[in-house]
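Just so it is clear, none of the values below were taken in a lab; they were calculated from the coordinates. This structure is a prediction, so every number in the text was calculated from the model and none was measured. Neighbour counts are summed over all protein chains in view; Cβ atoms, including those assigned to glycine, are modelled from backbone coordinates with ideal geometry.
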Amino acid sequence: MNTKTVVAACLFAALNICTLSARAEVDITPKTYTYGTHLDIKKVVSLQQDATPSCGIVNARMTYLDSQDRTQVLDYSKISGNCNSDN
């Protein structure tokens, strides 16, 4: 077996692993936050929110790892970042 064959096999294996992990994340069903929902958050992976130029309530999504390192997705509502801190 020559070096090119070994390198090609390793590259192919690495691409398959990346594809499998990407496919696993697509299958995650988002949960919707309600008051009292138990959250098991070990690490926040990403935060997203609807874009809006004005102050108000927007939809947001948090992707995080739980205590067992499983990826979870949570949908919730929040006040837009475009609001002043005044009352």
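Checking the structure you have, find out if any residue of the stretch 63-81 is small (Gly, Ala, Ser), touching a Ser or Thr at 6+ places or on another chain (Cβ under 6 Å) and surrounded by 10 or more Cβ atoms within 10 Å (Cβ to Cβ). Yes, that holds for at least one residue. Residues in the stretch 31-49 that are in contact (Cβ under 8 Å) with a residue 40 or more places away in the chain and not in a loop (DSSP other than H, G, I, E, B) were compared, and the one that is surrounded by the fewest Cβ atoms within 10 Å (Cβ to Cβ) is Thr32.
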